[in-house]
């Protein structure tokens, strides 16, 4: 796997998606603490220097450094992140929308897989 993809997976995808996987695997309604963990996994990341950064800001940096390749998978990944951001932000006022947030976060993983395939085919 290309170094850029490995960093994207480690710094952004895993941090955003793994709390969603954990929530999915609970098999019960999430507690307020579970939802807070989900939000932190998406909004409270660290950049390469250890500084706090949101998923959106981190993606912007990664997008600027993206290797040459088709734009569509990069755009689709960015769209999946934007969709997840809306869904996760909605948890603040509508905790009952956790399933929508969970689904949106899990779609990041699918978008990453498509992005990785497109870049590895180059």
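Every read-out reported here was derived from the displayed coordinates using simple, explicitly stated rules and does not represent laboratory data. All values reported here derive from a predicted model rather than from experimental measurement. Cβ: placed from backbone, ideal geometry, glycine included. Neighbour counts: every protein chain shown.
Some notes on this structure:
- Mean Cβ neighbour count within 10 Å, used as a protection proxy, ranking 106-119, 38-51 highest first: 106-119, 38-51
- Volume per residue of the convex hull around the Cα atoms, evaluated for the chain, comes out as 93 Å³.
- Between the helical axis of 32-43 and the longest alpha-carbon principal axis of the chain there is an angle of about 20 degrees.
- Cα shape, segment 1-53, gyration tensor, a/c 1.5 rule: oblate
- Degrees separating the helix 55-64 axis from the principal Cα axis of the chain, which is the longest one: 10
- Sum of -39500 (n - 2.57) over DSSP H runs of 4+, divided by residues of the chain (222 nm, nearest 500): -23000 deg cm²/dmol
- Once the Cα-Cα distance is subtracted from the 0.36 nm per residue extended length, the residue 86 to residue 36 segment shows a gain of 16.5 nm.
- Between the Cα long axis of helix 14-26 and the first principal axis of the chain there is an angle of about 40°, rounded to the nearest 10.
- Relative contact order of segment 3-120, defined on C-alpha pairs under 8 angstrom at six or more residues apart (%): 31
- For segment 53-122 versus segment 1-43, the inter-centroid distance based on Cα atoms is 12 Å.
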